[in-house]
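Nothing in this text is a laboratory measurement; each read-out follows from the coordinates by a stated rule. Please read these numbers as outputs of a predicted model, since none were measured by experiment. Neighbour counts run over all protein chains shown; Cβ positions are idealised from the backbone, glycine included.
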Amino acid sequence: MIIVKFELEEARKHAGLTQAQLSDKSGVPQTTISGIENSGKTPNVVNARRLADALGIDVNDMIIEEVKS
């Protein structure tokens with residue numbers, strides 16, 4: 001089984017942004033950003049793209065696949 005995780009917090013902190021700043025820059029609500037970081041929620045494609053663009057990285061850089069047996 002492959003589990004996909006979206007690693008936003010590390011990318012956001014590397015960019016030196018707070019959740020509020022990333023929200024302002026991306027247009028993604030802070031509650032959504034918090035849910036992704038703290039509850040492991042997966043963003044929809046539009047929000048994932050907005051977040052990646054705001055961070056200046058490729059969306060694929062935030063996707064981590066884990067194989068669980």
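The gain in end-to-end length when the LYS13 to LYS25 segment is fully stretched comes to 2.9 nm, 0.36 nm per residue minus the alpha carbon separation.
Secondary-structure-derived ellipticity at 222 nm for the chain, considering helices only, amounts to -14500 deg cm²/dmol, per-run term -39500 (n - 2.57) for DSSP H runs with n ≥ 4. Largest first, the extents of the alpha carbon coordinates of the chain on the three principal axes equal 39, 21, 21 Å. When peptides 32-41, 12-21 are ranked by their average number of other Cβ atoms within 10 Å per residue, the highest-first order is 32-41, 12-21.
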